[in-house]
Structures are given as C-alpha cells and as structure tokens.
1. Kindly establish whether residue 283 is within 14 Å of the ligand (Cβ to nearest atom) and in the same structural domain as residue 178 (by the TED database).
2. For the range 147-163, does any single residue satisfy the condition of being more than 12 Å from the ligand (Cβ to nearest atom) and under 30 Å from residue 245 (Cα atoms)?
3. Name the residues in the range 335-374 that are over 26 Å from the mean Cα position of the chain (by Cα) and assigned to a helix (DSSP H, G or I), would you?
4. Restricting to the range 255-279, name every residue that is within 16 Å of the ligand (Cβ to nearest atom) and either crowded, with 18+ Cβ neighbours inside 10 Å or within 30 Å of residue 349 (Cβ to Cβ) (or both).
5. List the strands (runs of 3 or more DSSP E) inside the range 148-254, counting only whole elements, that have at least 3 residues being crowded, with 17+ Cβ neighbours inside 10 Å and in the same structural domain as residue 271 (by the TED database).
Ligand SMILES: Cc1cc2nc3c(=O)[nH]c(=O)nc-3n(C[C@H](O)[C@H](O)[C@H](O)COP(=O)(O)OP(=O)(O)OC[C@H]3O[C@@H](n4cnc5c(N)ncnc54)[C@H](O)[C@@H]3O)c2cc1C
C-alpha cells in the first residue's frame, strides 16, 4: 500500500477524544476505522464544554441531541475557602463581560459519549470495530494494529493505515510502543464526583471553592424538567448540579465510603449550603488523579490525542476541551493534506500537528498544575502569591478579560 495515496486512518480508543477525532476526520473526507468500546460513564461525571467545543460538536451534528441535556455556565465564581492569611474576596466572572452568552455548557459525560457513539454509527466512512487492539507496528509507509474481539474474543485481523490516532488514554499502549517519552505522575489526590439535587437554584453559576486538598466545584445541570409532576418530596430538590471535589487520597476514601445521605450532608456543609439542602441524585464516583506530560505529540505515523497526550487535575474544566481541540487540529491538517494530494500520515503533517498543539496544551497544563500545587502547599509565600493573583484578577479588568478569554480557548474573541 502506498501511504501517499491512502486515505485510511485508524483511531485507536473510542472514549470521547477518539469518537470526536473519528467524526472530525470523516468529515474531512478520510476513511476511518475506529477501534474500541465506548463504556458508558458511571460515577456522576459531567464535562463542562467551552464555546469552541460546542461549536465543533454543532458542526459535527452532535450538539442537537445534547443541548437539551446541558446547562449553560453564565458565571464562574471562585471562593478562597482556605485558611490563607492573604485570602482575597470571592471573584465572579460573567461571560457577558467578554461578550458571551455563556462560557460553556455542562453535560453528563455518559450522555456525551453515548451521543457521539450513536452519531459515529451513522457515518458511512467510519467503520466501528468493537474490539481491543494490540501489537502496533509503525513503518515508513504504513502503520498497523491487530484487533481482537472484547474479552479475549476472536482475532479480527490486522488493519493498516496511513496514520494511527492514539486516543487510548493516559496509559496509552501506542505511545509506549512508539517510544514517545512521557512523564506520568500519580497525584496525592482523588476527585469525588456526584450528581446532586438541591433546594435552591444555581442561577447558571459554577462555583469553585478553593480548599487545602484541592478545589470543590459545583457545576450547574438542568433542573428537573417537570417538577410539578414529581412527588412533593422530589419537588423540593428540583435543581441539579454536578460535584467535582478534589481531596487528598485518605480523606477522599473516607468520604467515598459514606452513604448517600451522609455524603450529601457533608457536601452541603462544606459548600456553606449555598444551594440549600442537598441530596445525591445519581451514581457517585472517585477518580485517582494523575498528571501526564509527553515530549512529543507524534511518532512515526502516530498522532496522540486527548489523555494519551496530556492529563492534569480537573481544575478549570480544560481536559476534554483540549482533547477536542487536538481532534479538530489533526482533522484540519489531514483534510488539507488529502485535498493537496499529500501523505495524511507523513512527517510534515505530524510536525505541523505537534506545533499546532504544543503551546495550547503546555500553557494550560502548567497553569492548572501550578494552581493545584499552590492549594496543597503549606508555605506562606505561596499563599501570598495566590492571594495576589486573585486580587489582580479582581482589580485589573484587562487582565481579567484576557484570562477569561484564554480560559475559553487560546486567542478567543467573541
Ligand atoms: C473528575 C473529572 C472531571 C472532569 N471534568 C472535565 C470538564 O468539566 N471539562 C473537560 O473538558 N474535561 C474534564 N475532565 C477531563 C476529561 O474527562 C478527560 O479529558 C477525557 O475523559 C479524556 O478522554 P479520552 O478519550 O482522551 O480518554 P479516555 O476516556 O481514557 O478514553 C480512552 C479509551 O481508550 C480505550 N483503550 C485503551 N486501550 C485500548 C485497547 N488496547 N483497545 C481498545 N481500546 C483501548 C479505553 O478503553 C478508553 O475507552 C474531567 C476529568 C475528571 C477526572
């Protein structure tokens, strides 16, 4: 097979980043084999998707079914709830300050994955292979993997393509096989996740309490649609938010072991009852956190997307938004190469992909990790700098607006 003429791309891993990459590549006219299962996300996890991501989902035809299940994030509030001597007052950022209706929308992770999977099933140029891949080979002209059915199922054969997109998560087997150096570090924290119902409206405000073990964030979800039809007991808890609470491992384990009522009461108290009485309204989860940096975003006939390329703590809702921008950037470059008759898995394209993604990923990962370290640090000078940072964001409008725009996407303009 000549890679130069080939327009077949393998996307390995069918999590949200892989699904998005497959859809975006197919839209550019490429033939895609998407290998992997899409596991419905349990554990009450949601994803806040910023404007750019929602635009991409809209262009791909995925947002229409998700929009009714998503809640807008019109304001972001940060409350320093530590014992910091230099604690600044709570900050509220309104999307309207930078000309937006909302910074983004929050949707259940399971709903997002299921909707992308259903969409991928309808695209003729995407072949879905519900299997496990192994034995990757990267050669000058092509790359290939062997595919097996789930749970040691039968051999589905070896597939080859001009390019493999590694969307196989933090422990990416493909990244390792390609010899891309990576630093994967377990963090001393876990994130507790849950869907909570509460008595008071969130008013489309996402609230992040900065605490010593990490932030505790309440992110708006749509209210119960027809609360009047619900029993009076449920009507009192018609509003919903998702919880992402980062804590040191031991504390996270202790709270994860609480029953739902005790857990809801604990959260309610910890967030100073800003949303009134709370109850757990869905599954809960506990995710051990890690941070991952790679030296390159590509190897021979291999491009890394999503958490195969970057991972960091869930602060500021950046992870999947970056993953979606990886997918969009790669698809745009591959589409251009295809139209110009160039190799869609060649070195030139992959170097361009690396350049396109490096700044966005490293700057955001750096900021998120520094913020996390500053909360874990017991040192006064670190507290001082954090307090100073919040004061600057409060008092210097151009800085504040710059940070808001950059939080949504690099170089974002409404
Ligand atoms: C608590 C929490 C809250 C978060 N909130 C947000 C948020 O609000 N906004 C945001 O943008 N991001 C958020 N994130 C980050 C976001 O969840 C991740 O960036 C995203 O889920 C990563 O998706 P992915 O597809 O890259 O990786 P994964 O979801 O890990 O998918 C990798 C896939 O590859 C498959 N795979 C691996 N090996 C093989 C193999 N050999 N064969 C077949 N398949 C294979 C796996 O089974 C899996 O399905 C949050 C993260 C956490 C932990």
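1. no
2. no
3. Residues satisfying the conditions are 336, 337, 338, 339, 347, 348.
4. Hits for the range 255-279 are 255, 263, 267.
5. Result: 182-198, 205-211, 214-221, 239-248.
The values are calculated or read from the model by the stated rules, or taken from the named source; none is laboratory data. The shown structure was predicted, so the numbers you read here are calculated from the model rather than taken from an experiment. Here the Cβ is made from the backbone with ideal geometry for all residues, glycine too, and neighbour counts use every protein chain on show.
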